[in-house]
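Each remark here refers to the structure printed beneath this line.
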Amino acid sequence: MMPHRFPITDDHIHIDPLNGRGIEAAKEFFRAGGTHLFLVSKPSWSFGIMPTCGDDYRRAFDATLAVAQEVRKVGPVVFPVLGVHPAEITHFAEQRPPAESARIMTEGLEVAAEYVREGRAVALKSGRPHYDAGEEVARLSNRVLARALVLAAREGCALQIHAESGPCEDVPDMARDAGMDPTRVVKHFADPSTPLVPSLIARHEAIPGFARTGRGFMLESDYMDELARPGAVIGPRSVPRFSLRLLEQGAIDEEALARCHVDTPTRTYGVEIVL
């Protein structure tokens, strides 16, 4: 394998030895030129958990941290991101009412914030359903998201959000109301329209033009690492392969590459990204 020339960071990826390829996927990322990744905890149901209280999420969080340790052994620098997937409020709808799920999800975020405070994770994850789930779920989900913003502000960390397509124009005001700096709120699976920090899928056609604006953004694969859905959303090699291909083609320059893979994640998450 050729030495890595540039830091290449995947802002949102899952590595799942239980349901997917596990460490082999991390090796692919590294061999393709990837150097740093933000390892995001998967939904509770991926671990066979139906949480009944916040502490039940510890199993998912501890499993994510254990995977992080194994991934580090094969090369990449790993930054864990822990939280509660916003779809949990509807995923467990047959077992309990949405209000109860929202309460349990909020408790789970409190536990995730504890891991951040202890230095075991660098950021939180929350959001709201990316699909139409009705007025009650939308209201409860925004309440959960508002609490996640308060917790991120309290812990001085970034927050990744999973939400509907489009800009999420109300979230910066929600962040400010919570005492949170909106420039530390990341829109996962974003497009350039968002006022939040965009994390774009690495194959997004807008990347070359967006890079020329000088605005900070990041790239992600949102690789799910599930054998039942191979390559979804895109594969673990995608961020390094697309990034380096765009550089070789002259579609982006080294300054834009550094802004995407080093400067923006460093500023957003407060981490160090160096080779």
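Each reported figure results from applying straightforward, stated rules to the coordinates on display, with no laboratory input. Everything numeric here is computed off the predicted structure, so don't read it as measured data. Note that we place each Cβ from the backbone using ideal geometry, even for glycine, and neighbour counts take in every protein chain shown.
The gain in end-to-end length when the Trp45 to Lys27 segment is fully stretched comes to 3.9 nm, 0.36 nm per residue minus the alpha carbon separation.
Listed by chain and number, the aspartates and glutamates whose alpha-carbon sits under 14 Å from that of Lys73, ignoring those within fewer than 8 places in the same chain, are Glu24, Glu28. Give the distance, in whole Å, between the Cα centre of segment 110-135 and the Cα centre of segment 36-64. So the two Cα centres are separated by 11 Å. Here the 3J(HN,Hα) profile of segment 151-162, calculated from phi with Karplus coefficients 6.51, -1.76 and 1.60 at θ = phi - 60°, is 5, 5, 4, 5, 8, x, 10, 7, 10, 8, 10, 9 Hz, Gly and Pro shown as x. Computed over the chain, relative contact order equals 21 percent, with contacts defined as Cα pairs under 8 Å that lie 6+ residues apart. The phi-based Karplus calculation (6.51 cos²θ - 1.76 cosθ + 1.60; θ = phi - 60°) puts the 3J(HN,Hα) values of segment 181-194 at 6, x, 6, 10, 9, 9, 8, 5, 6, 8, 10, x, 6, 6 Hz, whole numbers, x for Gly and Pro. Ellipticity at 222 nm from helices only: DSSP H runs of n ≥ 4 in the chain, each -39500 (n - 2.57), divided by the residue count, give -11500 deg cm²/dmol. Across the alpha-carbon atoms of segment 109-254, the computed radius of gyration and Dmax are 16.4, 49 angstrom. Out of all Cα-Cα pairs in the chain, roughly what percent, to the nearest whole number, are more than 26 Å apart? When all Cα pairs of the chain are counted, 37 percent exceed 26 Å. Put a dot 7 Å past the Cα of Ala251, heading toward its Cβ, do the same for Thr90, and the two dots end up 3.2 nm apart. Using a Gaussian network model of the chain in which every pair of alpha carbons under 10 angstrom is joined by a spring, one finds that among Arg120, Arg128, Arg59 the greatest mean-square fluctuation is at Arg59. Annotation: aspartates and glutamates with alpha-carbon distance below 13 angstrom to Lys187 (same-chain offsets under eight excluded): Asp11, Glu164, Glu169, Asp170, Glu220, Asp222.
Here the Karplus relation 6.51 cos²θ - 1.76 cosθ + 1.60, evaluated at θ = phi - 60°, turns the backbone of segment 111-126 into coupling constants of 5, 4, 4, 4, 5, 5, 4, 7, x, 8, 9, 9, 7, 9, 10, 7 Hz, with x for every Gly and Pro.
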